[in-house]
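The values are calculated or read from the model by the stated rules, or taken from the named source; none is laboratory data. The shown structure was predicted, so the numbers you read here are calculated from the model rather than taken from an experiment. Neighbour counts are summed over all protein chains in view; Cβ atoms, including those assigned to glycine, are modelled from backbone coordinates with ideal geometry. To get the accessible areas, we keep the full protein, side chains included, count just its heavy atoms, and leave off ligands, DNA and RNA. Shrake-Rupley method; radii C 1.70, N 1.55, O 1.52, S 1.80 Å.
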Amino acid sequence: MTTNSLPVRTDTPVRTPVEKPAGRGGRRLLRQGAGRQHHAGPLAYVLLVVMAVLSIFPLYWTMVAASTDNTRVSQTPPPFLPGPNLFSNLARAWDEAAMGKAMINSLIVAGVIALSTVMFATLAGFAFAKLRFKGRNVLLMLVIGTMMVPPQLGVVPLFMMMSELGWSQQLPAVIFPTLVSAVGVFFMRQYLSEALPDELVEAGRVDGAHSLRIFWSIVLPVARPAMAVLFMITFVHAWNDFFWPFVVLDMTNPTVPVALTQLSAGYVRDQSLIMAGALLGTLPLLAMFVVFGRQIVSGIMAGAVKG
């Protein structure tokens, strides 16, 4: 019995399967896979707890020392539980250091410095990152070079300048020398170089927008996360700044760090009173972090996702 075999064509092209673009279901699966959370192991939680305890302990110890008397603070071993004198020590520190006026002055100084630094640093960062002009790299190197000069070298001429302007013992003498910082300019320049596409700037040029219009409508929305971080860093630094306000201000018009020096006057220093004053000076910063911390973190994460 014979079987008739059909001829086989060897020149038939081999068809390779073509991957079809993912539909709605595929996109949904990809989106779910990209947003899947990875659970940390026990070691990560242990490290996080240790770091949290180490970060919170200085503030806790300040509260413990502020709630006891000077004799108990000096004991060995020192107390690790709060005492009964917290509110009385806070009231004494508030009265003896004139903390009410000092906090108002610190709020004015830190707020103005932070706002001006954010605006000027963002403007300069945008210019250095996206605008083309002669001498741009030289000017940027000069700005970075000022970060290497110790600020103590300019105290004497700066104090003489403030005296000539009639600003000695006044808040403008603290505000105007620090309206912008080289660190802020460099920080915003680096952020805008990566986060702001050149196509957006060119699209604004094509639409007929000038540089200030591009800065207001395009740069500011993109730079908002970095501006929030720079504002917080600058505000905290200006609030805690001691050296220059101590040089140019007196005890009749102090900021919080300058006012706290009154609590350490005398032959015997009351450590519990000093800690109470330090706790009072820290509370506004803690309140600001509690109120605005979530918005700042969400802004940073939104900027990271968009980038």
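Treating the beta-carbon of each Lys and Arg as +1 and of each Asp and Glu as -1, no other charges, what is the dipole magnitude of the range 58-152 about its Cα centre, to the nearest 20 debye? Spell out each step's value before the answer.
Numbers: 7 positive and 3 negative charges, 148 e Å.
Once rounded to the nearest 20, the dipole reads 700 debye.
Grab the Cα-Cα distance for Phe133 and Ala287, subtract it from 0.36 nm times how many residues apart they are, and report the gain in nm with one decimal. Provide the component values of the computation, followed by the final result.
Values: separation 154, 0.36 × 154 = 55.44 nm, distance 4.34 nm.
Contour length minus Cα-Cα distance gives 51.1 nm.
Given the protein chains as shown and a 1.4 Å probe, how many square angstrom of Met51 are accessible, to the nearest 10?
110
Per 0.36 nm of contour for each residue apart, how much would the distance between Leu81 and Ala203 grow if the chain were fully extended, relative to their Cα-Cα spacing? Don't skip to the end; give the middle numbers.
Values: separation 122, 0.36 × 122 = 43.92 nm, distance 6.19 nm.
Additional length available on full extension: 37.7 nm.
As an exercise, use a Förster radius of 22 Å and the Cβ-Cβ distance of Trp61 and Val236 to find the FRET efficiency, rounded to the nearest 0.05. Walk me through the numbers on the way to the answer.
Values: r = 20 Å, r/R0 = 0.91.
With a Förster radius of 22 Å, E is 0.65.
Please state the shape class of the range 155-300: rounded when a/c is under 1.5, otherwise prolate if a/b exceeds b/c and oblate if not, all from the C-alpha gyration tensor. Don't skip to the answer; put the middle values down first.
Working: a/c = 3.81, a/b = 1.82, b/c = 2.09.
Oblate is the answer for the range 155-300, as a/c is 1.5 or above yet b/c matches or exceeds a/b.
Using 7 Å Cα-to-Cβ label points, what is the Met148/Phe176 separation (nm, one decimal)?
Inter-label distance under the simple model: 3.0 nm.
Tell me the accessible surface of Leu81 in square angstrom (1.4 angstrom probe, heavy atoms of protein chains only), to the nearest ten.
It works out to around 120 Å².
What figure, in Å² to the nearest 10, do you get for the accessible area of Lys130 with a 1.4 Å probe and non-protein molecules left out?
30
Mind checking the range 116-166 for chymotrypsin sites (Phe, Trp or Tyr not before Pro) that DSSP puts in a loop (not H, G, I, E or B) and that have at most 13 other Cβ atoms within 10 Å?
For chymotrypsin sites (Phe, Trp or Tyr not before Pro) across the range 116-166 that sit outside H, G, I, E and B with at most 13 neighbouring Cβ atoms in 10 Å, the list reads Phe133.
Testing the spin-label approximation: label points 7 Å from Cα along Cα→Cβ at Val156 and Leu48. State their distance in nm.
5.4
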